[in-house]
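Beneath this line is the structure, given in structure tokens, with notes to follow.
What follows draws every value from the coordinates through simple rules; no lab data is involved. Keep in mind it's a predicted model, so treat the numbers as computed, not measured. As a convention, Cβ positions derive from the backbone with ideal geometry for all residues, glycine included, and neighbour counts pool all protein chains shown.
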Amino acid sequence: MSTSYRISVDCGGTFTDGILLSDAHEVWVAKADSTPSDPKIGVVECISRLAAQVGLPLPGLLAATNTIVLGTTLATNIVATRTGAKTGAITTKGYRDRLSFLHVAKSDLGGDRKATAAELFSFRSDYPQPLTPRHLVAEVDERLNFKGEVLIPLRDDDVRQAVAYLRRKGVEAIAVNLLFSHLNPAHERRVEEIIKEDYPEAYVALSSRVLPTVGEVGRWSTTMFSAYVPPRPPSSSRASAICWPPMASPGLLPSCRATVGWQQVRWSARIRRLSSSPARRPDRLWESALAGPGASPIW
């Protein structure tokens, strides 16, 4: 009877650590240098070292692997060190400064606590700096009401002017943050279409797609983070080796929402990579690897 395996990998900013568990509960560990410019290279190297310890080539180990659990601190490191993409934004006219306003987390609405007057108006407080400076936020004249009904139609020419401005400024990613888009995403989707026509090199993040929930501050700020964390396209054919051989089950990718999702190992869910590292709770992440398909542990 052939041996089956489970793998857990933590891809950090300096090292990538891996643990291999067989169905006989044998354990092997490996460490490799991380490659922030293309994280998959470091992941593949770590898994290759695990494969060497059990006498298998990389494709052979992956073919015998039921589960891969992958967490990473790379997105968190990018935000902490402010080394993300040069990000612009397109928002509803009159709401250019919405994310720069102080926002109170109301405890009766699910926030941790209510801010005191001293905290709100203290001149000694160091307030967080926005990911995007004000001059890189463009406005378009459009408006939906609280039911998602169109009050002011979106004009294509207005959007094209905004996109042309951001392109001249050299932005690499554009966050589209329009009012009440979670109820009616039509305007944001049209903005995305125009960006792809006029500036196809730019990455686009729509608030109606990233976090379609009520409350523009949470929705827009999350979208800004999603745009700010840059994509990492493969720079080596060896990096894609992790996707070549078939596995009995897809990979587990822990998310910032404290769950793990059964999906192919991908790097495209940009905002969900924040705080996805098993360094937060390595014991729980390993438990998820042991739980098998269908597991959805809370960290």
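Residue order for Leu183, Leu58, fewest other beta carbons within 10 angstrom first, comes to Leu183, Leu58.
Farthest toward the positive end of the dipole of segment 140-220, out of Pro153, Tyr199, Trp220, is the Cα of Trp220, where the dipole comes from beta carbon charges about the Cα centre. Which FRET efficiency value, to the nearest 0.05, is calculated for Arg155 and Gln129 with the Förster distance at 35 angstrom and r the Cβ-Cβ distance? With a Förster radius of 35 Å, E is 0.60. Model label sites at Ser22 and Arg168, defined 7 Å from Cα along the beta-carbon direction, differ in position by 6.6 nm. Phi angles across segment 51-61 convert, under the Karplus curve 6.51 cos²θ - 1.76 cosθ + 1.60 with θ = phi - 60°, into 3J(HN,Hα) values of 4, 4, 5, 9, x, 10, x, 4, x, x, 5 Hz, Gly and Pro given as x. When each of Asp17, Asp126, Asp156 is scored by the number of other beta-carbon atoms lying within 10 Å, the sequence from fewest to most is Asp126, Asp156, Asp17. Other residues lying with their Cβ under 12 Å from the Cβ of Glu172 contribute a combined charge of +2, Lys and Arg counting +1, Asp and Glu -1. Taking the number of Cβ atoms within 10 Å of each Cβ as an exposure proxy, the fewest-first ranking of Ser221, Ser181 is Ser221, Ser181. Hey, with R₀ at 51 Å, roughly what FRET efficiency would Asp141 and Val29 work out to, going by the Cβ-Cβ distance, to 0.05? Approximately 0.30, to the nearest 0.05.
Suppose R0 equals 22 Å. What FRET efficiency, 1/(1 + (r/R0)^6) with r the Cβ-Cβ distance, do Phe101 and Asp198 give to the nearest 0.05? Taking R0 as 22 Å, the efficiency between Phe101 and Asp198 is 0.15.
Backbone amide hydrogens, once placed in the peptide plane, bring Glu142 within less than 5 Å of Lys93, excluding anything fewer than 5 places away on its chain. Each residue of segment 174-186 was assigned a 3J(HN,Hα) from its phi angle through the Karplus expression (A = 6.51, B = -1.76, C = 1.60, θ = phi - 60°), giving 10, 9, 9, 10, 10, 5, 6, 5, 5, 8, 8, x, 4 Hz with x at Gly and Pro.
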